[in-house]
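Some notes on the structure that comes next.
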Amino acid sequence: MKRLPEVDAVIVGGGWTGLLMAHQLASRTSMSVVVLERGAPRKTRDYLDTMDELDYAIRLRMMQDISKETVTFRHSERGRALPVRQYGSFLPGAGVGGAGEHWSGISYRYVPDSFDLLTKTKEKYGAKRLPEDHAIQDWGVSYAELEPHYTRTERLMGISGKAGNLNGKLIEGGNIFEGPRSEEYPTPPMKMPYLAALFRDASKSLGYHPYPLPAATTSQPYTNPDGVSRAGCSYCGYCERYGCMIGAKSQPTNTLIPLLAKRKNFTLRPGCWVRRVTVEGGQARGVTCIDASGEEVFQPAGIVFLASWTLNNTRLLMLSKVPDPHQNLGRNLTHQISIPAATVFTEKPLNRFMGAGSAGIAMNDFDADVFDHSNVPFLRGGHIYTVCYGFRPMANFGVMPPSRKAQWGSAWKKAALDAYDRTGRISFYGEHLAYKGNFMDLDPVYKDAQGDPLLRLTLDWRDNERNMAKFMAEKATGIARAMGAREITPFPGLKSYDATRYQSTHIQGGAIMGASPATSVVNSYLQHWSANNLFVIGSSAFPQNPSGNPTLTAMALTYRAADAIVERYVKKPGSLV
Amino acid sequence: MKRRHFLTLSAASVGGALVYTLDRRPYVVSAQDKPVRVPLRFFTETEALDVAAAVARIFPSDESGPGANEAGVVVYVDRQLAGPYGRDRYRYTQGPFESGIPEQGYQGKATPREIYREGVKKIAGLSKLAPVEQDAALKQIETTSFFTLMRTHTIEGMFCDPMHGGNIGMIGWQLIGFPGPRMTYFEDVDSHYGNPFRPKPQSLRQVVGRPVKPSEDEA
């Protein structure tokens with residue numbers, strides 16, 4: 001096998017976290033940094049051609065090539081895992097920028113107590129309230145430690161929004177249930193499409209606290225502290241599953257690549273599919289990949305970073321047999337409760353083709369532990385929201401009010417035409433707790449295009465999720481009524497995990513962080529406990545899902561790790577804790 | 001050599017449509033033209049007529065507006081089946097193939113092409129029946145995967161960008177008030193609350209000012 005010249009750092013995956021780490025290292029040190037990305041290069045101007053629902057939102061051009069690699073899935077160890085043959089419940093991105101190109105841009109911080117979930121829950125409700133099979137644990141890092149890095153991320157991306165808690169002072173119109181933030185959002189909230197305005201007025205009338213979604217689809221032109229300028233959002237409605245044609249949605253290609261392109265010590269190598277990381281004698285030595293020409297090569301490196309998204313990070317560690325003495329690898333697989341809590345059929349047309357992936361409104365009156373759980377049959381919560389992401393006709397034509405039963409023919413057509421621009425969704429994103437029975441390992445039967453075993457997901461909902469979904473669907477239905485809906489379809493209930501229904505691409509766990517090697521794969525600096533020059537970054541490190549969208553937290557953890565590497569590790573390699 | 005099949009469309013019903021010649025050069029039909037013979041990429045002429053009849057019952061032309069016939073849905077389906085989608089380029093197709101639970105999704109070996117080739121046999125002669133009889137025949141197969149797929153493709157063919165062969169003259173978009181791709185709604189997104197805002201539809205080709213290569217023309 002060909003051996004390439006050694007570099008100081010190799011990063012597997014050219015998405016948000018990989019390129020952020022690359023930028024931190026390349027701009028703050030003289031290290032040579034190579035990013036290996038499986039997919040193709042991309043530029044903002046390529047995205048003009050992407051405003052096509054069929055090729056992008058249905059044929060999913062921006063996603064990983066599922067014909068080459070997928071996962072297998074079963075509900076429990078008793079079930080038989082079969083491949084997810086076409087994309088359904090989540091959409092992994094490929095190509096430079098990764099899923100950070102096709103994301104919606106909803107940019108939450110997690111609430112403070114989610115980082116000490118085990119400790120806080122036990123304190124308040126006692127250990128006996130924890131689900132029988134749970135694997136909940138603390139993160140090994142606190143909200144206070146992450147706060148400055150959240151702020152840096154918001155400034156990097158120019159997040160639009162309204163603070164609800166500025167240094168402890170609650171501000172009406174923002175999310176008053178958020179943790180204290182040190183600064184207001186860098187740009188003002190986005191404009192409010194009609195459906196979101198209906199939700200705002202209805203939820204306010206019920207005494208709730210709605211606020212504009214924190215948005216990476218920036219509301220106005222913005223120049224970030226690195227000097228990168230981006231346009232303001234035009235509300236064209238082509239965000240989620242698309243790349244932004246004007247660069248208003250913060251994406252790695254318009255936020256980080258412009259800076260990296262100027263660095264002589266940075267190299268981006270698209271088309272490189274990494275198959276193994278080599279760890280010998282407690283040190284990572286480099287990675288083996290199939291390069292763009294199809295040749296298998298070894299890239300030696302002083303420090304190895306895995307930043308290839310939750311599932312790929314976990315699978316690479318497994319395929320590479322990286323030492324895992326306490327058998328923590330693969331555990332704490334979580335997704336997210338993501339349901340259309342109430343579908344609303346309005347009297348008036350909504351003009352829903354206008355919008356943006358993060359233009360909308362949410363309320364967190366039932367988030368986390370902001371309400372008392374003593375008398376409800378579940379722990380934790382989430383946010384009820386509506387996002388006006390740009391209604392797509394192929395995906396939405398034929399969503400029918402409950403009174404209409406026809407599925408084709410004249411009666412169906414007439415009813416569907418009538419409902420088409422009068423259909424809105426109130427959604428719910430809820431926390432997914434970790435359970436021992438939800439985990440990842442390598443599939444014994446199915447293989448990828450290279451002949452390597454696929455990752456196997458063992459995943460199902462528990463009563464905590466089902467009960468929470470039911471409770472929230474009732475609350476959402478109450479808001480739908482207050483919106484003056486002429487008909488409402490409440491969510492029918494969460495049954496078994498369904499790999500065919502899109503939920504979100506927010507999958508966490510597998511290489512979780514923690515305070516001790518006995519219970520985690522990486523420390524709070526995302527440094528592998530078994531090899532101090534191996535870092536595993538991204539939401540693979542999250543011990544459980546705390547309801548909100550994960551990107552901001554993954555980025556904040558990356559900034560924190562980068563500081564420790566630049567300020568301490570480079571000078572004196574070793575454990576950072 | 002394989003016999004080339006054509007589907008004959010009345011120019012009056014598809015005036016202004018973008019079709020493709022045998023060598024796949026774009027060609028715009030005007031309402032004054034003679035009937036156009038669209039070269040078929042996958043279906044035989046008989047199959048195309050039966051599928052056209054089926055999709056026209058799923059999404060009929062009636063008092064609520066034009067339907068699958070005017071939008072050219074069958075042309076859309078033909079191109080999709082001939083292209084990478086039809087041969088399952090977008091699916092993990094390694095075996096073994098086992099039957100699973102619904103939450104694991106479609107586990108079959110049959111490609112969309114194969115599902116159609118088999119399915120269309122069950123509606124052979126449909127194009128020659130009266131609408132009531134066509135509905136009765138479709139009722140017999142409405143729970144099959146062939147029908148489900150055809151229903152999905154009907155919606156896609158009604159509302160796709162015209163470059164994919166359906167939504168001829170953006171007739172589907174006009175029907176639902178969807179303007180297609182557009183550069184900006186900055187001034188409009190928070191105006192028009194509760195009132196219909198219906199800008200004139202534009203195709204992707206019109207917005208970007210040049211042809212865009214659709215996935216069905218890729219390898």
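The values are calculated or read from the model by the stated rules, or taken from the named source; none is laboratory data. Quick caveat: nothing in here was measured; it's all calculated off a predicted structure. Quick reminder, even Gly has a Cβ in these numbers, built from the backbone with ideal geometry, and neighbours come from all protein chains shown. Each accessible area value is taken on the protein alone, full model and side chains, heavy atoms only, with ligands, DNA and RNA left out. Shrake-Rupley method; radii C 1.70, N 1.55, O 1.52, S 1.80 Å.
Of note:
- Scan of the stretch A:359-383 for residues that are assigned to a strand (DSSP E or B) and farther than 23 Å from A:ILE136 by Cβ, ordered by number: A:GLY360, A:ILE361, A:ALA362, A:MET363
- Filtered by the rule that a residue be open to solvent by 10 Å² or more (accessible area, probe 1.4 Å) and hydrophobic (A, V, I, L, M, F, W, C), the stretch B:76-94 gives a lone residue, B:ALA82.
- Flag if A:PHE353 is touching a Phe, Trp or Tyr at 6+ places or on another chain (Cβ under 7 Å), at pLDDT below 95 and surrounded by 23 or more Cβ atoms within 10 Å (Cβ to Cβ): no
- Residue, nearest to the other protein chains (Cβ to nearest Cβ), within the stretch B:166-185, restricted to residues that are in contact with a strand residue (DSSP E or B) (Cβ under 8 Å, 6 or more places away or on another chain) and touching a residue at least 24 places away in the same chain (Cβ under 8 Å): B:PRO181
- The test for being of a type in the set (Ser, Thr, Tyr), more than 8 Å from every other protein chain (Cβ to nearest Cβ) and touching a residue at least 40 places away in the same chain (Cβ under 8 Å) holds for B:SER127.
- Of the numbered criteria (1) over 19 Å from A:PRO546 (Cβ atoms); (2) open to solvent by 20 Å² or more (accessible area, probe 1.4 Å), the one A:ASP421 fails is (2).
- Residue in the stretch A:16-29 that is of a type outside the set (Ser, Thr, Tyr) and touching a His at 6+ places or on another chain (Cβ under 9 Å) present: no
- For A:ALA57, the conditions (1) more than 22 Å from A:ALA307 (Cβ to Cβ); (2) crowded, with 24+ Cβ neighbours inside 10 Å; (3) of a type in the set (A, V, I, L, M, F, W, C) all hold with the exception of (2).
- Residue match in the stretch A:240-248 (condition: crowded, with 24+ Cβ neighbours inside 10 Å, away from chain B (no Cβ under 12 Å), farther than 24 Å from A:ASN175 by Cα and more than 20 Å from the chain's Cα centre (by Cα)): no
- Helices (runs of 4 or more DSSP H) within the stretch A:184-286 that include 2 or more residues closer than 27 Å to A:PRO92 by Cβ: A:252-255, A:257-260
- Against the list (1) at the interface with chain A (Cβ under 9 Å from one of its Cβ atoms); (2) part of a helix (DSSP H, G or I), the condition B:HIS153 fails is (1).
- Residue match in the stretch A:70-86 (condition: buried (at least 18 other Cβ atoms within 10 Å of the Cβ), touching an Asp or Glu at 6+ places or on another chain (Cβ under 7 Å) and of a type in the set (Gly, Ala, Ser)): yes
- Unique match (being modelled with pLDDT of 95 or more, more than 30 Å from A:SER520 (Cα to Cα) and surrounded by fewer than 19 Cβ atoms within 10 Å (Cβ to Cβ)) among A:PHE471, A:PHE397: A:PHE471
- For the stretch B:160-196, the tally of residues that are under 26 Å from B:ASP62 (Cβ atoms) and surrounded by 15 or more Cβ atoms within 10 Å (Cβ to Cβ) stands at 20.
- Verdict on A:ALA307 being of a type outside the set (Asp, Glu), buried (at least 24 other Cβ atoms within 10 Å of the Cβ), away from every other protein chain (no Cβ under 14 Å) and touching a strand residue (DSSP E or B) at 6+ places or on another chain (Cβ under 6 Å): yes
- Evaluation of B:LYS121 against (1) surrounded by fewer than 16 Cβ atoms within 10 Å (Cβ to Cβ); (2) within 14 Å of chain A (Cβ to nearest Cβ) (one fails), failing number: (2)
- Any hit, the stretch B:96-103, residues being open to solvent by 10 Å² or more (accessible area, probe 1.4 Å), modelled with pLDDT of 95 or more and closer than 23 Å to A:GLY409 by Cα: no
- Where B:GLU118 falls short, out of the listed (1) part of a helix (DSSP H, G or I); (2) out of contact with any helix residue (DSSP H, G or I) (no Cβ under 8 Å at 6 or more places or on another chain); (3) farther than 17 Å from B:ARG57 by Cα: (2)
- Number of positions in the stretch A:329-364 that are over 22 Å from the mean Cα position of the chain (by Cα) and not aliphatic (A, V, I, L, M): 9
- First in the stretch B:101-114 and at the interface with another protein chain (Cβ under 10 Å from one of its Cβ atoms), second anywhere and acidic (Asp, Glu), Cβ under 6 Å, 6 or more apart: B:GLU103/A:ASP498
- Breaking point among (1) of a type in the set (S, T, N, Q); (2) within 26 Å of A:MET513 (Cα to Cα); (3) within 14 Å of chain B (Cβ to nearest Cβ), for A:ASN351: (2)
- Any hit, the stretch A:214-229, residues being under 23 Å from A:ILE361 (Cβ atoms), away from every other protein chain (no Cβ under 14 Å) and either surrounded by 23 or more Cβ atoms within 10 Å (Cβ to Cβ) or of a type in the set (Asp, Glu) (or both): yes
- The lone exception for A:LYS264 - which of (1) of a type outside the set (A, V, I, L, M, F, W, C); (2) open to solvent by less than 30 Å² (accessible area, probe 1.4 Å); (3) farther than 30 Å from A:GLY355 by Cβ it fails: (2)
- Residues of the stretch B:36-63 classified as away from chain A (no Cβ under 14 Å), more than 12 Å from the chain's Cα centre (by Cα) and open to solvent by less than 40 Å² (accessible area, probe 1.4 Å), total: 8
- Taking (1) aromatic (Phe, Trp, Tyr); (2) over 28 Å from A:ASN167 (Cα atoms); (3) over 24 Å from the mean Cα position of the chain (by Cα) in turn, A:TYR208 satisfies each apart from (2).
- B:GLU133 vs. criteria among the acidic types (Asp, Glu) and surrounded by 16 or more Cβ atoms within 10 Å (Cβ to Cβ): no
- Condition broken by A:TRP103, with the remaining ones in (1) more than 13 Å from the chain's Cα centre (by Cα); (2) under 24 Å from A:ILE58 (Cβ atoms); (3) hydrophobic (A, V, I, L, M, F, W, C); (4) open to solvent by 10 Å² or more (accessible area, probe 1.4 Å) satisfied: (1)
- Some residue of the stretch A:196-203 being touching a residue at least 24 places away in the same chain (Cβ under 8 Å), hydrophobic (A, V, I, L, M, F, W, C), within 14 Å of another protein chain (Cβ to nearest Cβ) and under 19 Å from A:ALA99 (Cβ atoms): no
- Residue match in the stretch A:42-51 (condition: touching a Pro at 6+ places or on another chain (Cβ under 7 Å) and within 13 Å of A:GLY95 (Cβ to Cβ)): no
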